[in-house]
Ligand code: GAR
């Protein structure tokens with residue numbers, strides 16, 4: 001059998017980058033057949049940029065200042081991604097909504113990670129939303145990105161309990177442990193060509 005070429009990934013970040021680190025670690029361990037061709041941040045201060053540089057991965061700061069609107073920002077982003085030959089775009093704590101310009105350029109090839117069990121608690125502060133609502137379970141979701149906010153087809157989810165004395169920090173930490181597991185897993189399924197999408201249904205043959 002001919003070995004598959006590693007999947008060319010771009011990871012988009014805005015902050016700490018613990019999920020970026022989880023992806024890097026799985027690739028370096030030989031458990032994920034992918035190569036991160038660039039890490040792109042809208043935030044020049046993101047610690048994720050340091051993590052990427054520590055592993056010799058190219059970093060790009062794509063600041064939104066200087067762009068008239070979301071569509072123009074996204075058009076420039078698409079150009080960068082094309083230049084790097086990216087096949088899958090991974091949003092790992094990228095705190096910007098993508099316009100139709102980006103979504104249509106990468107159909108079913110942009111994955112987002114959300115710290116709740118969608119369709120519950122979309123948007124910002126998902127862990128606080130879950131605590132305020134009083135749910136007994138929350139978790140995380142990996143989904144394909146469409147033009148809505150956290151509305152695209154669900155690829156993988158993981159459930160965690162919500163404890164009575166949880167704070168936003170303790171719940172976030174429990175959710176993040178699961179994020180670090182299911183995000184690389186979803187990328188691996190894509191890399192192995194094991195994901196198909198029919199409408200909202202994401203099928204993964206067993
Ligand atoms: C993650 O918990 C991710 O689910 C969340 O940002 C965090 C990034 O952490 N994403 C969103 O809230 C998107 N709406 P990280 O920078 O340590 O990977």
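Can you give the relative contact order of the stretch 1-105 as a percent, counting alpha carbon pairs under 8 Å and 6+ residues apart?
Relative contact order for the stretch 1-105 comes out at 37 percent.
In the Gaussian network model of the chain, springs joining C-alpha atoms below 10 Å, which of 114, 84, 180 carries the largest mean-square fluctuation?
84
Cut-off is 10 Å between beta-carbons; in what order do 25, 146, 165, 132 appear when sorted fewest neighbours first?
Ascending Cβ contact count within 10 Å gives the list 165, 132, 25, 146.
Could you list 94, 137, 67 so that the one with the fewest beta carbons within 10 Å of its beta carbon is first and the one with the most is last?
Least to most surrounded, the residues fall as 137, 67, 94.
Going by Cα centres, the stretch 121-143 and the stretch 150-206 are how many Å apart?
After rounding, the separation between the Cα centres reads 13 Å.
Please report, in Å, the Rg and the Dmax of the stretch 92-162, where both are computed over Cα atoms only.
Using the Cα atoms of the stretch 92-162, the pair Rg, Dmax is 12.5, 39 Å.
Using Cα pairs closer than 8 Å and at least 6 residues apart in sequence, work out the relative contact order for the chain, in percent.
Relative contact order, the chain: 19 percent.
Just the C-alpha atoms of the stretch 1-96: what Rg/Rh do they give, with Rh taken as the Kirkwood radius?
On the Cα set of the stretch 1-96, Rg over Rh gives 0.99.
If you take the beta carbon distance between residue 203 and residue 4 as r and set R0 to 22 Å, what does 1/(1 + (r/R0)^6) give as a FRET efficiency, to the nearest 0.05?
It comes out at approximately 0.65.
In nm, what is the difference between 0.36 nm times the number of residues separating residue 124 and residue 16 and their Cα-Cα distance?
Additional length available on full extension: 37.3 nm.
Which value in Å is the Kirkwood Rh of the chain over different Cα pairs?
17.4
For the chain, set up a GNM with springs between Cα atoms under 10 Å and report which of 91, 156, 20 has the largest fluctuation.
Top of the fluctuation ranking is 156.
Among 184, 115, 161, which one moves the most in a GNM of the chain with springs linking Cα atoms closer than 10 Å?
161
How much mean residue ellipticity at 222 nm does the chain get from its helices, if each DSSP H run of length 4 or more adds -39500 (n - 2.57) and you divide by all residues, to the nearest 500 deg cm²/dmol?
Only helices count here, giving -10500 deg cm²/dmol.
Determine, for 65, 194, the number of other Cβ atoms within 10 Å of each Cβ, and report the residues in order from fewest to most.
Lowest count first: 65, 194.
Quick check: the distance between the Cα centres of the stretch 1-56 and the stretch 60-80, to the nearest angstrom?
20
Every number here is computed from the coordinates shown, using simple stated rules; none is lab data. Just so it is clear, the structure is predicted and the values come from calculations on it, not from any experiment. Please note: Cβ atoms are built from the backbone with ideal geometry, for glycine as well, and neighbour counts cover all protein chains shown.
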